[in-house]
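Inspection log for the structure reproduced underneath, given as structure tokens.
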Amino acid sequence: MDPSETLRVRRDVEDEISGLTLVDWLRDTAERHGDMPALSWRPSGTADGEWATLTWAEYRLAVLEAAAAFVVHGLAPGEVVALMLGNRPEHLVADLGAVHAGGVPFTVYPTLAPEQVEFVAGDCGAAVAVLEGAAELERWAAALERLPGLRTVVLLDAGAVPSSGGGAGPRFVSWAEFVRAGRGAHAADPGPVRGRAAAVRPQDSATLLYTSGTTGAPKGVPESHRQVLYQVTITLRANDLPFGGCSVSYLPMAHIAERVLSAYLPIRIAGHLHFCPDPRQLGAYLPLVRPHGLFGVPRVWEKLQAGLTAALAAAPAERRAAVEEAAEVARAYLEAGQYGRTRGRELERRFAEVDEGVLRPVRALVGLDRCTAFTTAAAPMPEETLRFFSGLGVLLRDIYGMTENCGAVTVNRPTAYRFGSVGRPSDGMEIALAPDGEILVRGPVNTAGYLNRPDETAALIDAEGWLHTGDIGRLDDDGFLYVVDRKKELIITAGGENIPPAVIENRLKEHPLIGQALAYADRRPYPVALLTLDPDVAPAWAAAHGIDAAGLAELAEHPKVLAEVETAVVAANARLARVQQVKRWRLLAEEWTVEGEELTPSMKMKRRVIQRKYAEAISALYEQG
């Protein structure tokens, strides 16, 4: 896009959201469309339960009452409210309640280890925590003991509320009691909440998210109301989503994509959000909801593919043949629809015919028959999966962005897409490449910087306002971006989880017997590890345990050594988040050296050298039964 046109479009979006916040959007939707459904969930938590629903008017009232409860419990403007909750209505009520009270909500990944919880809660100075139950309370135990600024803990499970000991520490309260206090306070005098909400400004933080860097230290990323409203507006411009459309919330709210698509976007279009409490149940929920849009990391689409493949395999041979014939037409149709190509009228006619008669019923099997926006991000989509869904008439569009961009900055549009790319810049956003190929982003959705980290902020955003993504890319002549490599060492799993390998490796190397460790999970469902013995410690350890071995190669195969290494892996996993835990490992017979080219002269690992040298060993770890 021409630079002047980019600026014109940016001004257009900025004019649309000028002076507004999420408080304004929610009030407007509740007043205009108060009777429309907003949030639905199954109270029993099972697929057999009946849906319960809050309308937009009821949703906003619940938010205002939660805001009053936060005020009653002493939340000051600008203070952080930490949330460790699943995908359920109370999560969004507490989230927006904190916003209306002038606070900053922060969702914590439920899989973080206790020491990680303590770090992020201390780093942001959380004043209030809203937790689900006993399991979450246990993860917060260390933080509650050591962070005097954490004054109040609200628990959804009343049975998990500890008995008052009368000593120092936070005050514990059940969600029911918390809401009851807020309801009474708001009914008696809505003025305090009204005043707090009116004071919220576009530049204030709408949420705080934490992301991990290659060093393993999580970094706080404040997202302002202006960023959020801009991102929602350009997302709607790039996707065909109907007013009042249905969607499913199943990813953690600590994920920027889930925040934009579930917490914020429905407010703008009076959407009907359905909560799926466990991502593993998504396949069961999709046919019940029949969403109009679905975002999923590649692993989600792979699982849907597996389910559909199994269903089609059980169909009669005649039916399978009809689907495959229609699939070839669909693939040709979507291939020809790429930017710069032209579809013939005959191909359009044939696709319309097979889509209506054959493919739409197949999509209905998984609840995607009325879905018009199919998007993916976070990791490359396997070609086999892309081909499979193309054969069902599904245009699976890649987008690109990160937490520091409040979501997507490039997008493949239904009218302008190119397979293999992550699309062209979103409305008003600028993309450039540094001399080394690093992708640079500039525009209104960029964060102003990391929380409490001026040095890392300076490295993230340069003097001209370009945000350095750490990814290597290329741009074609039509402005489509292709992500070709990662400058940073961050692992992105097949499930879209961002994992700093150093966190895993450092935990593994805490055992003296382990000299080097390489964690791997790129585009894979879980981490595995290659390990080497410490050449100085291993012989002494062996002698102390009565093991007579000639060298490291023999020690690496000894049952006692392998058992001790297993103990080390288990101990490391206990201190890692679930998505970081090593599922399989291999102890190598040799050490890594500078001479062997596995290490640099400064003794740093050459990841790509090791991954290439031991590619078969890594693959074998994923092939084990």
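Taken as a whole, the structure places VAL81 among residues that are crowded, with 23+ Cβ neighbours inside 10 Å and β-branched (Val, Ile, Thr). Looking only at residues that are assigned to a loop (DSSP other than H, G, I, E, B) and more than 20 Å from the chain's Cα centre (by Cα) in the stretch 399-422, which one is surrounded by the most Cβ atoms within 10 Å (Cβ to Cβ)? The extreme case among them is SER421. Restricting the search to helices (runs of 4 or more DSSP H) fully inside the stretch 317-398 and requiring at least 3 residues that are aliphatic (A, V, I, L, M) gives 317-336, 345-354.
Number of residues in the stretch 1-43 that are within 26 Å of the chain's Cα centre (by Cα), within 21 Å of SER249 (Cβ to Cβ) and part of a loop (DSSP other than H, G, I, E, B) equals 2. Sort through ALA463, ALA494 and tell me the only one that's surrounded by fewer than 15 Cβ atoms within 10 Å (Cβ to Cβ), aliphatic (A, V, I, L, M) and outside the structural domain of LYS583 (by TED's automatic domain parsing). Every option except ALA463 fails the conditions.
Taking the criterion of being part of a helix (DSSP H, G or I) and either in contact with a helix residue (DSSP H, G or I) (Cβ under 6 Å, 6 or more places away or on another chain) or closer than 14 Å to CYS406 by Cβ (or both), the residues of the stretch 252-274 that qualify are ILE256, ALA257, GLU258, ARG259, VAL260, LEU261, ALA263, TYR264, LEU265, ILE267, ARG268.
Scanning the stretch 504-525 for residues that are within 23 Å of ASP471 (Cβ to Cβ) and either of a type outside the set (Val, Ile, Thr) or not assigned by TED's automatic domain parsing to the domain that holds ILE618 (or both) yields GLU505, LEU518, ALA519, TYR520, ALA521, ASP522, ARG523, ARG524, PRO525. Within the stretch 354-369, can one find any residue that is of a type in the set (A, V, I, L, M) and touching a strand residue (DSSP E or B) at 6+ places or on another chain (Cβ under 6 Å)? Scanning the stretch 354-369, I find no residue that is of a type in the set (A, V, I, L, M) and touching a strand residue (DSSP E or B) at 6+ places or on another chain (Cβ under 6 Å), so the answer is no. The set of residues in the stretch 496-521 being in contact with a helix residue (DSSP H, G or I) (Cβ under 6 Å, 6 or more places away or on another chain) and outside any helix (DSSP H, G or I) consists of GLU497, ILE499, HIS511, PRO512, LEU513, ILE514, ALA517, LEU518, ALA519, TYR520. Being touching a strand residue (DSSP E or B) at 6+ places or on another chain (Cβ under 8 Å), at pLDDT below 95 and either in the same structural domain as GLU79 (by TED's automatic domain parsing) or of a type outside the set (S, T, N, Q) (or both) holds for only one residue in PRO170, PRO222, PRO202, PRO148, and it is PRO170.
Can you confirm whether PRO105 is modelled with pLDDT of 95 or more, closer than 22 Å to ALA76 by Cα and either surrounded by fewer than 20 Cβ atoms within 10 Å (Cβ to Cβ) or not β-branched (Val, Ile, Thr) (or both)? Against the criterion (modelled with pLDDT of 95 or more, closer than 22 Å to ALA76 by Cα and either surrounded by fewer than 20 Cβ atoms within 10 Å (Cβ to Cβ) or not β-branched (Val, Ile, Thr) (or both)), PRO105 qualifies. Evaluating GLU50 against the criteria (1) charged (D, E, K, R); (2) surrounded by fewer than 20 Cβ atoms within 10 Å (Cβ to Cβ); (3) at pLDDT 95 or above leaves one unmet condition, (3).
The values are calculated or read from the model by the stated rules, or taken from the named source; none is laboratory data. These numbers come from a predicted model, not from an experiment. Here the Cβ is made from the backbone with ideal geometry for all residues, glycine too, and neighbour counts use every protein chain on show.
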